[in-house]
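All remarks here apply to the structure that follows.
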Amino acid sequence: MTDAAIEIEGLTKVYEGGKRALDTVSLSIPRGQIFGLLGPNGAGKSTMINILAGLVTKTAGSARIWGFDIDEHPRNAKNSIGIVNQEILFDPFFTPFETLENQAGYYGVPKAQRRTMELLRAVHLEDKADAYARTLSGGMKRRLMVAKAMVHSPPILVLDEPTAGVDILLRQQLWDYVRGLNEQGVTIVLTTHYLEEAEELCDRIAIINHGRLIANKPTRELVNMAQEKIVRVTVDRPIDQVVEDLPDHPCFDRVERTGDQMLSITYHKDRTNAGEVLKAVNDLGFHIIDVATQEPDLEDVFLHLTAPAE
Ligand SMILES: Nc1ncnc2c1ncn2[C@@H]1O[C@H](COP(=O)(O)OP(=O)(O)OP(=O)(O)O)[C@@H](O)[C@H]1O
């Protein structure tokens with residue numbers, strides 16, 4: 001028995017035609033966490049999720065969901081996970097109430113144990129219970145997808161790009177719901193293109209690029225991997241527009257003129273610090289009248305790790 005919610009070993013997928021969408025990925029997703037699976041478009045995230053969902057057959061490797069091997073115990077594995085796919089899929093002629101009831105029936109949830117209205121309330125669709133699904137807005141449909149994934153009360157909820165096309169307020173509501181589920185013990189796995197969202201929500205983040213796992217760390221540690229920091233200074237006199245005449249110093253990585261009297265200086269945090277950068281600006285004959293620093297974020301690390309090799 002393992003303590004992982006999902007355990008993947010050497011997972012590989014080569015599609016017909018030869019595209020290697022996943023290449024020997026090994027990954028352990030701890031129980032109880034909110035886990036982010038990030039990667040550029042086409043990195044292989046949906047392929048991985050679709051293998052777990054039983055929608056795509058793997059070429060090699062193994063996967064266990066809540067301890068159940070997807071080949072040996074496909075039914076238990078499937079019952080342990082709820083998946084919200086990227087595409088919105090349901091019959092437009094069913095109402096949200098019927099959609100959830102049908103799904104519960106599909107999973108064999110006895111009538112007495114169904115939580116249809118509770119789920120509709122949780123995703124703020126109570127008043128749409130009897131409307132046709134085709135009359136729902138995009139955001140409502142997405143929330144209905146989340147409720148649909150939870151009808152069998154799985155211990156793991158996987159959300160593949162759940163907030164694409166959902167406005168900020170609804171995104172916030174969706175995350176409140178997801179956080180609430182997590183607090184009740186549900187392990188959450190999510191892929192998102194909104195790195196800020198991942199940074200804010202996820203305990204741990206894995207990054208896939210070209211089908212390979214290139215990072216898997218607690219979010220804080222990952223963000224701390226950013227090497228570059230930026231300090232913005234306002235100086236006491238106009239800075240020459242000519243690029244060659246911008247002040248330069250060995251401890252600066254890059255200097256940009258961002259205003260008449262403003263410079264943005266990028267430095268490598270392992271080689272120097274903000275104090276030395278400011279001293280260097282002073283030594284170059286500028287008096288500093290204002291300073292702001294910018295902390296690196298997940299986006300910096302993500303772009304750095306997934307940048308094409310030069
Ligand atoms: N059915 C398929 N047949 C052939 N190639 C496929 C198939 N599905 C996906 N691919 C290819 O496999 C690679 C990985 O795709 P996948 O959809 O898993 O990426 P992703 O990380 O989910 O991207 P996105 O964020 O854009 O959804 C891509 O190059 C894609 O074109």
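Laboratory data are not the source of any read-out in this text; all were calculated from the coordinates shown. As the structure is a prediction and not an experimental result, all values here were calculated from the model. Cβ sites come from the backbone with ideal geometry, for glycine too, and all protein chains shown count toward neighbours.
Assorted remarks:
- FRET efficiency, 1/(1 + (r/R0)^6) with R0 25 Å, evaluated for His193 and Thr266 via beta carbons: 0.50
- Scanning residues 5 or more positions from Asn209 or on other chains, those with amide H under 5 Å from its amide H are Ile214, with H placed 1.01 Å from N in the peptide plane.
- Taking the three principal axes of the alpha carbon atoms in segment 178-282, the coordinate ranges are 57, 28, 25 Å, sorted in descending order.
- Over all distinct Cα-Cα pairs of segment 227-306, the Kirkwood formula returns a hydrodynamic radius of 13.0 Å.
- Phi angles of segment 195-205 translate, via the Karplus equation with coefficients 6.51, -1.76, 1.60 and θ = phi - 60°, into HN-Hα couplings of 5, 4, 5, 4, 5, 6, 8, 8, 6, 9, 9 Hz per residue; Gly and Pro are given as x.
- Extension gain for Ser62 to Leu89 (0.36 nm times residue separation, less C-alpha to C-alpha distance): 7.0 nm.
- Counting all C-alpha pairs of segment 123-185, share separated by more than 16 Å (%): 44 percent
- Angle in degrees between helix 274-283 and the longest Cα principal axis of the chain, rounded to the nearest 10: 30 degrees
- Normalised by the number of residues in segment 4-223, the mean separation of alpha-carbon contacts (under 8 Å, six or more apart) gives a relative contact order of 28 percent.
- Pairwise FRET efficiency - Gln184 versus His73, Cβ, R0 = 25 Å, nearest 0.05: 0.50
- The Cα-based radius of gyration and maximum Cα-Cα distance (Dmax) for the chain are 24.2, 78 Å.
- Here the Karplus relation 6.51 cos²θ - 1.76 cosθ + 1.60, evaluated at θ = phi - 60°, turns the backbone of segment 249-264 into coupling constants of 7, x, 8, 8, 8, 8, 10, 10, 8, 10, x, 3, 10, 10, 10, 10 Hz, with x for every Gly and Pro.
- Once both labels are positioned 7 Å from their Cα atoms along Cα-to-Cβ, the gap between His210 and Gln172 label points is 4.1 nm.
- The amide H of Gly82, built 1.01 Å from its N in the peptide plane, has Ile156, Leu157, Val158 as neighbours under 5 Å, considering only residues 5 or more places off or on other chains.
- Label point of Arg220 set 7 angstrom out along Cα-Cβ; within segment 22-36, amide nitrogens under 19 Å from it belong to 30-36.
- Those residues of segment 193-236 whose amide nitrogen sits under 11 Å from the label point placed on Ala292, 7 Å along Cα→Cβ: 232-234
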